[in-house]
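Trainee: Below you will find the structure I want to go over with you.
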Amino acid sequence: MTDVVRIRGLDHRYGTTHALRGVDLTVAAGECVALLGPNGAGKTTLVSALTGTLAPTAGAVRIDGADPRLPATRRRLGVVHQHAGFPRTLSVRELVGGWAVRAGRPASDADAVLTEVGLQKLTRRRVTELSGGQQQRLQLAMALVVDPTLLVLDEPTVGLDIEARRRFWTTLAARRDRGTAVLLTTHQIEEAAGVADRVVVLHEGAVIASGRPADLTAQLPDRAVSARTVLREDELGSLPGVLDVAVVDGRMRAISGRAEATVRALLAADPAVTDLRVEGATLEQAIVAMTTQQLQEVVA
Ligand SMILES: Nc1ncnc2c1ncn2[C@@H]1O[C@H](COP(=O)(O)OP(=O)(O)OP(=O)(O)O)[C@@H](O)[C@H]1O
Ligand SMILES: [Mg+2]
């Protein structure tokens, strides 16, 4: 598959803040990459370098082999920024229609995408008179209307209601399946895991993990063990393998490094246990484990 995005040795400093430290990243045509990481990890800085709005301190950023700061490169780039601004005087339809024309598409393409993002009833509304979630939908409409070869989305689901969020992930998967390369950042880790082919974890400006969502979760051996039991929290805490336990309304929930041993001891101590469940770690738990482990290494 051809790489649409190629980033090599990307480094950026804002004064004394070292926001990106030698990041390498590629996104292929038809691939969806989720860039995850805690607040301040450098995600928006990377997105700004990729969309040509920030000149990085060092490193190479290429979209289809070209510099993203050239207007021609950005013509078929669909972008949702974390902090968007809109021209004050235009209506929704004028703005999205104009955006289509700028990318060499007919203005009438705006109608289909405005329906796709659920703004079809607000096409005459001035863009400054939209709610937060509606502005987010508008950004998405602008990103989609250029028939993008690359979508770069910085926290695109912020402010969207449940229905709009579901629709967003469906739209994204459909575009990806039609060959669009997608790079998105989000804190909705489990939702992203459903669509992303690959997850890249950024922490303090550096890539600390990269892989398929299932492979990253498999790196975390811990399992969640939960059940209804008469045992007290301190008794459960001393069962083999238990790293952490809480009892809420008679239901215990433990994180265990040795789930089988925990379950055997639990059944021996309370044969009347009901509703026993053992679940694998979530991607969110895996990422929290990775980033806090890094923190400990920094502190140590
Ligand atoms: N314009 C700026 N001037 C100075 N420092 C900045 C600027 N923008 C970001 N930073 C700093 O650079 C680092 C990376 O910020 P960035 O916005 O890229 O993080 P992020 O991963 O997008 O975080 P979030 O999840 O909160 O959006 C942070 O330490 C931040 O404080
Ligand atoms: Mg950000």
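Trainee: Kindly evaluate A84 against the criterion of being within 16 Å of ligand 2 (Cβ to nearest atom), of a type outside the set (D, E, K, R) and modelled with pLDDT under 95.
Mentor: yes
Trainee: Filter the strands (runs of 3 or more DSSP E) completely within region 1-114 down to those with at least 1 residues that are acidic (D, E), farther than 24 Å from R175 by Cβ and in the same structural domain as R198 (by TED's automatic domain parsing).
Mentor: Because the criterion is at least 1 residues that are acidic (D, E), farther than 24 Å from R175 by Cβ and in the same structural domain as R198 (by TED's automatic domain parsing), the strands (runs of 3 or more DSSP E) in region 1-114 that meet it are 3-14, 17-28.
Trainee: Among the candidates L239, L202, L216, single out the residue that is in contact with a helix residue (DSSP H, G or I) (Cβ under 8 Å, 6 or more places away or on another chain) and more than 30 Å from T157 (Cα to Cα).
Mentor: Values: L202 fails: more than 30 Å from T157 (Cα to Cα); L216 fails: more than 30 Å from T157 (Cα to Cα).
None of the other options fit; the residue is L239.
Here's the yes/no breakdown for (1) in contact with a strand residue (DSSP E or B) (Cβ under 9 Å, 6 or more places away or on another chain); (2) of a type in the set (A, V, I, L, M); (3) within 30 Å of H12 (Cα to Cα); (4) not in a helix (DSSP H, G or I):
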site: V199; (1), (2), (3), (4): yes, yes, yes, yes
site: V225; (1), (2), (3), (4): yes, yes, no, yes
site: E235; (1), (2), (3), (4): no, no, no, no
site: V263; (1), (2), (3), (4): yes, yes, no, no
site: P271; (1), (2), (3), (4): no, no, no, yes
site: V288; (1), (2), (3), (4): no, yes, yes, no
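Trainee: Between a residue in region 1-15 that is under 12 Å from G205 (Cα atoms) and any residue that is surrounded by fewer than 13 Cβ atoms within 10 Å (Cβ to Cβ), which pairs come within a Cβ distance under 6 Å, given they are 6 or more apart or on different chains?
Mentor: Filtered contacts from region 1-15: D11/A58.
Trainee: Looking only at region 34-62, filter to residues that are surrounded by fewer than 22 Cβ atoms within 10 Å (Cβ to Cβ) and hydrophobic (A, V, I, L, M, F, W, C); which one of those is nearest to ligand 1 (Cβ to nearest atom)?
Mentor: L54
Trainee: Working only within region 245-277, note down all residues that are among the aliphatic types (A, V, I, L, M) and loosely packed, with under 13 Cβ neighbours inside 10 Å.
Mentor: Within region 245-277, V248, A268, A272 meet the criteria.
Trainee: Is there a residue being surrounded by fewer than 20 Cβ atoms within 10 Å (Cβ to Cβ), within 16 Å of ligand 1 (Cβ to nearest atom) and either closer than 24 Å to P106 by Cα or in the same structural domain as G65 (by TED's automatic domain parsing) (or both) anywhere in region 162-182?
Mentor: no
Trainee: Out of (1) at pLDDT 95 or above; (2) in contact with a Ser or Thr (Cβ under 7 Å, 6 or more places away or on another chain), the odd one out for T157 is which?
Mentor: Against the list (1) at pLDDT 95 or above; (2) in contact with a Ser or Thr (Cβ under 7 Å, 6 or more places away or on another chain), T157 comes up short only on (1).
Trainee: For region 34-81, how many residues are farther than 23 Å from G133 by Cβ, in contact with a Lys or Arg (Cβ under 7 Å, 6 or more places away or on another chain) and within 16 Å of ligand 2 (Cβ to nearest atom)?
Mentor: Result for region 34-81: 1.
The values are calculated or read from the model by the stated rules, or taken from the named source; none is laboratory data. None of these values were measured; they are calculated from a predicted model. Note: ideal-geometry Cβ built from the backbone for every residue, glycine included; neighbour counts use all protein chains shown.
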